[in-house]
Amino acid sequence: MEDKQSLEASKEDLRGKDLQGWDLRELDLLKADLREANLKDADMTGICLNGARLSRADLRNSNMQKSKLHSTDFQGANLEGANLEEADLTASGLVDANLSRASLKGANLRRADLTKSFFYKTNLSNTDLVKADLRGGNFKEANFSDSNISNAHLSRANFMGCEFSRTDMTGTNLSGANLTEASFKGANLKGANITRIIASAVQFNEADLRGADLKYAKHLVSSSLKGALIDKKTKLPDNLKVHWNSDASYEIQDIDQ
């Protein structure tokens, strides 16, 4: 059985390697080639995999807590149930990856590419997703609470039943996303693009929607905006009408179409 030092020495040629259940804590595998490797149940706490290639690797139930994964390629990898809490995934590639039921609490995903990825029931609370690309991904019932998702691309993604409470989503693009039964209670969506969303039973209660564009939102009703903060730059669909009592006081009413 190989030791850790030999793995570090041969890190450029670990493609398809069977490392299931291995103790790889604190290893330096900078720019390693681990494509299609078996890392299921491996303990990789604090590992350095910056710039590494892990496309189509099996990382199910692995522990990558506090790991260094800057610009790492996980395209098509299976990370179901993995622990990535407080990991640095800045500018990483997670295209078509499966992270269902994984935990990324407190992780850094700034500028990461999560397009067409699968994050069913994933814990993404307290994460940094500034300028991340989530377009076309499936995030059904994921938890984004208390995260920073400002200026990110979330268009055409599935966010059914997601939790976005207290998130910073200023300037975020949510156009065409499915927000059915999602909760944005207390979220900051100032200046966000929320056009053409599916808004069945969505909750924007107490959210900041000043300057947000909700034009053409489907199935959005006034009860979903209870306590929300809007201004005269906020754009609502034609089935909703705002009656301004003063510059700061208003009522939102449903209109029969």
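What follows draws every value from the coordinates through simple rules; no lab data is involved. Predicted model only: the values in this text are computed from it and were never measured. With ideal geometry, Cβ positions are generated from the backbone for all residues, glycine too; neighbour counts draw on all protein chains shown.
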*Cross-link table Lys131/Lys235; Lys31/Lys116; Lys68/Lys116; Lys185/Lys218; Lys66/Lys233; Lys185/Lys241, entries beyond 31 Å C-alpha to C-alpha*: Lys66/Lys233
*What is the Cα radius of gyration of region 167-231 over 2.2 N^0.38 Å, N being its residue count?*
0.93
*asked:* Quick one: 3J(HN,Hα) in Hz for region 162-178, Karplus 6.51/-1.76/1.60 with θ = phi - 60°, rounded, Gly and Pro as x.
replied: 6, 10, 10, 4, 6, 7, 9, 10, 4, x, 7, 9, 10, 4, x, 6, 8
*Over its Cα atoms, what ratio of radius of gyration to 2.2 N^0.38 Å does the chain give?*
1.15
*Between Leu59, Thr127, Cys162, whose Cα lies farthest towards the positive end of the dipole of the chain when Lys and Arg beta carbons carry +1 and Asp and Glu beta carbons carry -1, centred on the Cα centre?*
Cys162
*Stretched out fully, how many nm does the piece from Ile255 to Leu30 gain, at 0.36 nm a residue minus the Cα gap?*
75.1 nm
*Quick one: Kirkwood hydrodynamic radius for region 13-94, alpha-carbon pairs, angstrom, one decimal?*
11.7 Å
*Go ahead and run the numbers for FRET between Lys4 and Lys121, Cβ-Cβ distance against an R0 of 30 Å, rounding to 0.05.*
0.35
*Please work out, to two decimal places, the log10 of the ratio I(q)/I(0) at q = 0.11, 0.21 Å⁻¹ from a Debye calculation in which every Cα of region 106-174 carries one identical scatterer.*
-0.19, -0.76
*Grab the Cα-Cα distance for Asp231 and Glu206, subtract it from 0.36 nm times how many residues apart they are, and report the gain in nm with one decimal.*
7.6 nm
*asked:* How compact is region 200-257 by the rule of thumb for globular proteins, expressed as Cα Rg over 2.2 N^0.38 Å?
replied: 1.01
*Ranked highest first by the average count of other Cβ atoms within 10 Å around their residues, in what order do 201-210, 125-134 fall?*
125-134, 201-210
_I'd like the FRET efficiency for Lys215 and Trp244, computed as 1/(1 + (r/R0)^6) with the beta carbon distance as r and R0 of 25 Å, rounded to 0.05._
0.85
*Under 16 Å Cα-Cα from Lys121, which lysines qualify once same-chain neighbours fewer than 8 residues away are excluded?*
Lys105, Lys140
*asked:* For the chain, give me the percentage of DSSP beta bridges that are antiparallel, rounded to the nearest 5 percent.
replied: 10 percent
